[in-house]
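Chemist: Let me give you the structure first, and then I'll get to my questions.
The values are calculated or read from the model by the stated rules, or taken from the named source; none is laboratory data. This structure is a prediction, so every number in the text was calculated from the model and none was measured. As a convention, Cβ positions derive from the backbone with ideal geometry for all residues, glycine included, and neighbour counts pool all protein chains shown. To get the accessible areas, we keep the full protein, side chains included, count just its heavy atoms, and leave off ligands, DNA and RNA. Shrake-Rupley method; radii C 1.70, N 1.55, O 1.52, S 1.80 Å.
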Amino acid sequence: MPVTALVSAKSAGTTTSALALTLASRRPSLLAEADPAGGTVRAGLLQGAAAADTGLYHLAAAERTGPDHLAQVFARHLWPLDREGNRRLLPGLTDPAQAGALARTWPALSDVLHVLAEDAGYNVFIDAGRLAIEAGHLHPTLTPAPLIHQADLVLLVVRGTEQSLALARHVIDPLRAELTERGSGADALGLLLIEEGPYRAHQVAEVLGVPLLAALPFDADTAAYLTHGGRPPRGFERRPLPRGARTATEHLDAVASRRHIQQQYPAHRQIAGVLQRLTKGGARG
């Protein structure tokens, strides 16, 4: 199963989208709140229910004891998002001032998340927050750069509005270059569109020059519940956002699987290209 990082140029519903995908997954799933600006699910959807001694910051302390210790205590810092415990949350920072302590933690945490995805079959979603670019690269403190580098898919969350697209344009080239130089490749990058505003999916992909990998309906009532908690809207599972998120998770799984096969067997793409050229040549003859 893939590890998918969600990022934004500015607040664009990244956490809500990541929550919707995590809850909609048909497989066991995990949302890791890795935004250095702080997590919001603990105080929002969970309304303070998650224990104070649970979460990302405590993993930083565990990693300082030794890299293996983080893996050993990881499960203790997850919080259930459903009764069965199939969907879980790694709560984020409660204080942005703690972000500086995580520089050493990100690589070890990334390894654990990939083991969870590859060996335990989890759909892992990372809320990596707002991108901070410095000198053309991801800021080492204000972004969880190693998590983004090593993700199977990196989704830039945008809305179909002129403002959102204008902001996204400025981060795409640095992010694409970053994934090429330090990550798993520029082809990991795609868009997740929240369908609010006048721009349709094909227009957004064309304007930004990035493939659209998923789209989520704009569903204000469901988004408000995922953001603030309380009583879920009536018929929650049948509402547009949960239904759209189920479709999106299945499509993302398929995209990640194809990408994994192409990375394992790059020669197949070259052979396919040769065959395509031969076929075209034969047709001309």
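Chemist: Among Leu31, Leu212, Leu156, determine the one that fluctuates most according to a GNM of the chain built with springs between C-alpha atoms less than 10 Å apart.
Modeler: Leu212
Chemist: Enter the accessible area of Glu84 (Å², nearest 10), with the probe set to 1.4 Å and all protein chains included.
Modeler: Probe radius 1.4 Å; accessible area of Glu84 about 130 Å².
Chemist: Please report the net charge: other residues with Cβ closer than 11 Å to the Cβ of Asn86, K and R +1, D and E -1.
Modeler: +3
Chemist: Below 14 angstrom from the Cβ of Pro67, what's the summed charge of the other residues (Lys, Arg +1; Asp, Glu -1)?
Modeler: Computed value for this residue: -1.
Chemist: Continuing with the same structure: Could you identify which residue out of Gly85, Gly190, Gly229 has the top mean-square fluctuation in a GNM of the chain using Cα springs shorter than 10 Å?
Modeler: Maximum fluctuation in the GNM of the chain, among the listed residues, is at Gly85.
Chemist: Helix-only mean residue ellipticity at 222 nm, the chain, DSSP H runs n ≥ 4 weighted -39,500 (n - 2.57), per residue, nearest 500. What is it?
Modeler: Estimated from H runs of four or more residues: -14500 deg cm²/dmol.
Chemist: Still on this structure: Taking the radius of gyration and the Kirkwood hydrodynamic radius from Cα positions alone, what is the Rg/Rh ratio for the chain, to two decimal places? Provide the component values of the computation, followed by the final result.
Modeler: Values: Rg = 19.3 Å, Rh = 19.5 Å.
Rounded to two decimals, Rg over Rh is 0.99.
Chemist: Rounded to two decimals, what is the ratio between the C-alpha radius of gyration of the range 10-154 and 2.2 N^0.38 Å?
Modeler: Rounded to two decimals, the normalised Rg is 0.96.
Chemist: Still on this structure: Using alpha-carbon pairs under 8 Å, 6+ residues apart, how would you state the relative contact order of the range 48-151 in percent?
Modeler: Averaging sequence separation for qualifying contacts and normalising by length gives 23 percent for the range 48-151.
Chemist: Relative contact order, percent, of the range 1-279 when contacts are C-alpha pairs under 8 Å separated by at least 6 residues? Kindly include the intermediate steps, with their values, before the conclusion.
Modeler: Values: 534 pairs, mean separation 71.0, N = 279.
Reported relative contact order: 25 percent.
Chemist: On to the next question. Once each part is reduced to its C-alpha centroid, what is the distance from the range 1-28 to the range 63-112 in angstrom?
Modeler: 17
Chemist: Same structure again: Please state the charge dipole magnitude for the range 1-116, taken about the Cα centre, from unit charges on C-beta atoms (+1 on K and R, -1 on D and E), reported in debye and rounded to the nearest 20.
Modeler: Charge dipole of the range 1-116: 260 debye, to the nearest 20.
Chemist: Summing +1 for each Lys or Arg and -1 for each Asp or Glu, what net charge is found among the other residues whose Cβ lies under 13 Å from the Cβ of Ala50?
Modeler: Working: positive: Arg42, Arg76, Arg88; negative: Glu33, Asp53.
Taking every Cβ under 13 Å from that of Ala50, the sum is +1.
Chemist: In terms of solvent-accessible area of protein heavy atoms at a 1.4 angstrom probe, what is the ranking of Tyr225, Tyr265, Tyr57, highest value first?
Modeler: Largest accessible area first, the list is Tyr265, Tyr57, Tyr225.
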